[in-house]
Amino acid sequence: MGGNPTKLDSYHGGSASGYGSHSYAESCVNSERRRTHSRYTRIGDDYSSLDQVTEALTQAGLESSNLIVGIDFTKSNEWTGARSFDRKSLHHLGDSPNPYEQAISIIGRTIAAFDEDNLIPCYGFGDATTHDQEVFSFYPDDKPCNGFEEALSRYRELVPQICLSGPTSFAPMIETATTIVDASGGQYHVLLIIADGQVTQSAGTKIGKLSSQEQNTINAIAKASEFPLSIVLVGVGDGPWDMMQQFDDNIPCRTFDNFQFVNFTEIMSRNTPISKKEAAFALAALMEIPSQYKATIDLHLLGCQKGIPGRIRLPPPIRNYKSTKNTKVCHTTSSAPTESNPQNKICPACLWNNKDLAFGCGHKENLMLFLLVMFKGKRLLSSIPMPNPKLPPPPSPALEPEPELELEP
C-alpha cells in the first residue's frame, strides 16, 4: 500500500467507530501538543542492554505504566516474511521465537519494572472471526495474562487454532485499549500493536482519499489522545511501511503526540550483537513514553475517567478438539502473490471472503476447474437417453392377476 503524502491532510473526522470524531476534529490543539512535547527531554539513543533502557526510562520520569498487547492475525502474515523470516509465516511456531514473540518478549521485559500488577490484557485482530470490526481476547472470560511469559505461552496455544483473514484496521484494537484505560480510572497505559502490514487501502479508494479502515484508524488514534494512553505500533516482516511513517508524523487533531511507529525488521537485521539490537528496538519503541507520560499529567488526563461505553471483545476462536485433530492449520496453506502476476496487489475477496472464488490472485484456476467439471458433466448427461416430453408416455405393462387359491372342502 502506498499513498500520496498529502492524503492524511484530507482527514475531516466522520467515523463509523461511534466515537463522535467530527466534534474533536474541529477543535484541534496541535500547537498546544507541540508546546507540551517540547518541554520534555528526549532520552539518549546508545544502550547495550534492556536494563540500561529501563534505567533511562526511569531517569526520564516514567513512574508507572500498564501494558496492553494487540496481535495482527491478517492473512498477509503468510508471505510478508519472505525476505525477513526465511519465507515462513510470521506466526510460524518453531524452536526459535518468531518476530511476534521477539517483540512481546523485548517490550515486556523492558516495561515490566513499571507495571505494578503485571497483568497484561492481550488481544488479536484481523482473523476470520474479527476481520476489521472486532478484537478477540486471549482468554474466554477476557482474563489478562499474568506477565509477558504467560502472554507468550498463551499466544503459542492460540496460533494453531486461528484462521488468518483481514482486512487490516487498527481502530478496533485502539478503541478497545481506550475503554480499558477509562475503566481503570484513567491509569496510564501503553498499547503495543504488533502488525505485519499497513492499514488496508482497498483497490477502489481514489488517490488522495482514505479507505474506511484508514479513516477509522486515524479517528481512533486522535480520540485516544484524550486519554492517558500511548500507542506503539511495531512493524514486523517485509513491509512496506511508508503509510505508517505518515501516520507517525502527520496525524492531526491530537491532544498530545500519542503514536509511535517502529520498524522491527530494520533494527533486528543490523549487524550488531543481539543484546544491542534488542536494546535499540526497545529504545526506539519506548523512547517517547516518558514525555508522553508527563504530557498526560500536565494535560490533566491522568486519573480522569470519562465513562465511555465499553467495546465488545470476542472470545478466542478455539475450535473443538474433534474437528481439528486431523486438520491442517488453516493459516499455513496459502502462498504469496508472485511478482509475475499482473494482479500482484492483494485482492480483498481472496483474503477474507471465503465464499467468493471468482476473482484473481490465483482463484481463477478454481473457477476454471469448476466450469470444466460442469462441462464434462453436461456431456455425460447428454449421452443418456431422455424421454421426449412431446410423445405420450409408454403404456404401463399389464399386471397379471394373481391366481386364486382353491380351498379344500
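Order of TYR293, TYR47, TYR100, TYR139 from fewest to most other C-beta atoms within 10 Å?
The fewest-first ordering by Cβ neighbours comes to TYR139, TYR47, TYR293, TYR100.
Rounded if a/c is under 1.5, else prolate if a/b beats b/c, else oblate: with a ≥ b ≥ c from the C-alpha gyration tensor eigenvalues square-rooted, which is the range 133-213?
Note, shape of the range 133-213 comes out oblate.
Give the shape of the range 158-305 as rounded, prolate or oblate, defined through the alpha-carbon gyration tensor: a ≥ b ≥ c are the square roots of its eigenvalues, a/c under 1.5 means rounded, and otherwise the shape is prolate if a/b is larger than b/c and oblate if not.
Verdict is oblate for the range 158-305.
In which sequence would HIS131, HIS91, HIS189, HIS300 go, from the one with the fewest C-beta neighbours within 10 Å to the one with the most?
In increasing order of surrounding Cβ atoms, one gets HIS300, HIS131, HIS189, HIS91.
Would you list ASP132, ASP298 from fewest to most Cβ contacts within 10 Å?
Result, fewest neighbours first: ASP298, ASP132.
All of the numbers you see were taken from the coordinates with simple rules; none came from a lab. This is a predicted model, so every value here is computed, not measured. Ideal geometry is used to build each Cβ from the backbone, glycine not excepted, and the neighbour counts take in all protein chains shown.
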